[in-house]
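Only one structure is covered here, and it is reproduced in the block below.
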Amino acid sequence: MTVITDAGAGTTAHTDANTHQVALSFEDGVTRFITCREDQTVADASYRQRINIPLDCRDGACGTCKAFCESGDYDGGTYIDDALSEDESAEGYALPCCMKPKSDLVLQISATSEIAKTQASSFTGTVVELERLSESTMRLGIRIENRGQLAFLPGQYVNIAIPGTDDGSGAPVNRSYSFANEPHEDRLIFLIKLTPGGAMSTYLTERAVRGEEVTFTGPHGSFFLREATRPILLLAGGTGLAPILSMLRKLHADKSPRRAHLIYGVSSDTDLVAIDEIEYLADQLPGFTWDHCVSDPASTAVNKGYVTSLIEPAHLYDGDVAIYLCGPPPMVEAVRKHVAEAGIEPTGFYYEKFALAAQPPAARAEAGSVENTEVLSEEAIAEDTSATDISAQHTSGQAASVVVSPGSTPADADEPVLMAADARAIAGQTVFPPADLGVWSGTRTAAAEDDSLVRIAGQRLWRGDIGERDLDPDAGALQPTASQPSGPARSIAGQEIFAAADIAQLHNPAPVAVAAAHGEVTGGEVADGEAAPTVVGSQGYQIGEEHPAIHESDALFEARAALELGALELTFGRLSSQQLTGYRLLADATVPYVDGDRFVDAAQYTETNAAFHDYLFTLTGNDHLLEAYKALGVKGRMSEVLRNATWCHPLCAQDHLDIVSAFESGDHDAARALISAHADRSKQTMRRAMADEMAARRPRFVTPGRFAGKVVVITGAAQGIGEHAARRISAEGGKVVLADRSELVDEVARDLELSGPGAVSAIADLETYDGAESVVRRAVASYGRVDVLINNVGGAINFKPFTEFSAEQIRAEIDRSLMTTLYACRAVLPSMTRNGGGVIVNVSSAATRGIHRVPYSAAKGAVNAMTASLAMEYADDGIRVVATAPGGTEAPPRRISRGTPEPRNETEAQWFQAHIDQTVSSSLMNRYGTLDEQAAAICFLASDEASYITGSVLPVAGGDQG
Ligand code: FES
């Protein structure tokens, strides 16, 4: 049925004729806007745009989605009376699962905006274990009644509300701690470093009793053990051992043969805990080995020093290793640097580093002498840049560095942990605030003249102003910052001191062209990209550069699958029928864009596929997992690679449906197998697209060395015929100057620069004479001269009967398709004349005889005329002037529009179609040409092979003479 209400009120303009804005007004006053096509239901559009409105049957049968339409016209769709009665419909109610907009809409949704979000769960349990493992560490055990409802991954953490505390707003102080137990163990175990004055420490040592009630929220975090078989290297700093223990216990529960080596580092002997447990696991797990070190020189440990000193080449498996590290930021950076300096790129580098804050009042009095801070936040570090001393502590079961400012006002120890949402990281992508690790640059507290060493937390630290000094790191002393003796040193509780700017990246950035294509690639067991070898032809010329890197793309999908398997464990069997309905809806949404093994619309598939995969992470209620997934940049990568793709693995869309079915039927194994298989099929789709794109870019015909030593300017070189001709000329040895108004031309130039003898780009508006001159100047400045000019800019903008053209439109066509060539010829001729010769190839058109683009036809007719006339006028200067006249040519979708407006109605669509029909029928071969066929003619005329041809126009249009 069609419903019409007060259209238009309160909504914004359409994005195009068939798409409308829908304002979703929630009960809590929040309004969210979505765009919705006329052939799409509001529910479908809403879920695709990550707004999960109430939904159940999706079919107009249950009434769950019922909403009041304040304004707008829509097709209400088909539904049963039980879901929406006639009276309700007459009052303005509608069913978003069935309704399709015919104008902008305003809908009142019967729910709060919170329904669109899934939040971390809250649990209440009782303290069942309080064990003092050492002077500095407690083991806290909690049991919850509804244990079956708490699913977490080994490595994740929770926020515990500390009983009997008040954060100043009436709410309890929260602290973050990682689980130390295996995900299926009944009892929840946490390792807690005691810090005098700290909220949790005070509670545990002074008030906590068994049986007391505690609450916590979670799980949080994206630091968890990915499922894989490759070896792992585990590094734990202090109570950062907790999540590592959870991982080891998981391996133990799975009877995993996976090779794993743990290096456990602490500051002092009293911090060394859970040794018995680690030894038990080493005894039980055949692939597990471990070692530990203590940085305190007075330690009785065999290894005195830092974890990096215990990393052996054998632990890194030449890079075929996943590294899991939980420790303070300096430890993370030290390991990153150490591994990079070893020349190793691990397939995965997962870390959890944590933030710091202030120290308690008792500690302030003893600043510089005691490690004693519990409250940690990254922000505190960033703000406190006047610190002089260091100490170390932990939250979330991990050690961390802290910066103490004796003269300043540290944050209160009872301040809640401000674990910034982004204060965790994944796979080499640091997501800390930019002011990571505050570095003191102010005035230092004067030390006694003869006191070149200070002690903090039992550790000796060199003063920062003692000048350059080589120290033996094995001597137990800390290293001063050699390069900046009085400046920025970084340190942590007897761990390490770093220069501020000498941390090497673990991974080298991908080549610019690749990196730009897909954004940051991180996460998962990812091997970063590198350019594949240049293809070198038999004549010594080079063609192509294998972008983008296939192995990098594969790694992205492996990383996605690893995260999804984690998300599955958190959500499987826990989704409501409404959540499953949303999941099903998003799976269905991907189907129309694939037909068998062909993409119907690759861009839409990419979009709907991203919404489907996002949803599972959203359902975990764990923002970190969703962020970790988004940080992979899968969608961006797919958008770039699949831009021109035609082939899709035939099961890709079906997988989405089957995964939802497995969730619905409770078939855990099937869901897991499908997620893994889907990753493989996605990889195949991407590989095929990359291979096809490389094949499409590579010239089909190449005459080696034909343009060796020549400088060739090509206009309109960012795409289409111009780009293809440029690629061929470059492959044939020419130095190319690529001119275009679009910055996309830079991409082509970078590509050809890598594979050919030389390529530069020139971004210019060739509809102006200044633009044309600037291109010639760029060519002369780069290569000293211009041997060949190929004028390729042009193309009809409008397609309609001549009487429909306005004066402005006629002018625009002439500017685009004639003036660009006229100006470029005028700009280049002085240079060619001075050099004693040259070649100009104008790309005209067979449309000099065609319909519905008369101004364009006229422009190209003029190009033919100027070709003949210039040839006559400049023959004596050794300059040939020739032209090709292409007919219809098949090309990938344009990345930059010519400005052709979308047909607004049937008549305009018919006008457009008529010109296509005429073009095809004028070709004796009854088909469009290819880019290779057009480039072949251009390159022949531009080369010395055509040395006796001038003033001619060569039709390349399947027999259409133009
Ligand atoms: S009527 Fe059931 S979800 Fe719309």
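The numbers here are math on the coordinates, done by the rules we state, and not lab data. Computed from a predicted structure; not experimentally measured. Every residue, glycine among them, receives a Cβ derived from its backbone with ideal geometry; neighbour counts consider all protein chains shown.
Some values worked out for this structure:
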{"read-out": "Inter-label distance for GLN961 and ALA603, nm, one decimal - labels placed 7 Å from Cα along Cα-to-Cβ", "value": "4.0 nm"}
{"read-out": "Long-range amide H partners of TRP290 with built H, under 5 Å", "value": "LEU262"}
{"read-out": "Per-peptide average of other Cβ atoms within 10 Å, ordering 127-139, 557-569 highest first", "value": "557-569, 127-139"}
{"read-out": "Pairs from LYS735/LYS860; LYS630/LYS683; LYS102/LYS800; LYS255/LYS683; LYS337/LYS635 whose Cα-Cα separation, in the structure shown, is over 21 Å", "value": "LYS735/LYS860; LYS102/LYS800; LYS255/LYS683; LYS337/LYS635"}
{"read-out": "Distance (nanometres) between label positions extended 7 Å along Cα→Cβ at ASP283 and VAL920", "value": "7.9 nm"}
{"read-out": "THR124-VAL209 pseudo-label distance in nm [points 7 Å out on the Cα-to-Cβ vector]", "value": "1.9 nm"}
{"read-out": "Calculated FRET value between ASP692 and SER952, using beta carbons and R₀ = 30 Å, to 0.05", "value": "0.25"}
{"read-out": "Cut-off under 5 Å, modelled amide H: who pairs with GLY734 long-range", "value": "PHE707"}
{"read-out": "Computed FRET value (nearest 0.05) for GLU27 with SER577, which takes r as the C-beta separation and R₀ as 30 Å", "value": "0.90"}
{"read-out": "Order of THR646, THR270 - criterion: other Cβ atoms within 10 Å of each residue's Cβ, fewest first", "value": "THR646, THR270"}
{"read-out": "Burial ranking of peptide ranges 811-822, 712-723, 188-199 (average Cβ count within 10 Å, highest at the top)", "value": "712-723, 188-199, 811-822"}
{"read-out": "Cα centroid separation - segment 30-77 against segment 253-295, whole Å", "value": "54 Å"}
{"read-out": "Theoretical FRET efficiency, 1/(1+(r/R0)^6), r = Cβ-Cβ of ALA865 and THR768, R0 30 Å, to 0.05", "value": "0.85"}
{"read-out": "Mean Cβ count within 10 Å, highest first, over the residues of peptides 791-804, 75-88, 157-170", "value": "791-804, 157-170, 75-88"}
{"read-out": "Relative exposure of CYS57, CYS36, judged by other C-beta atoms within 10 Å (fewest first)", "value": "CYS57, CYS36"}
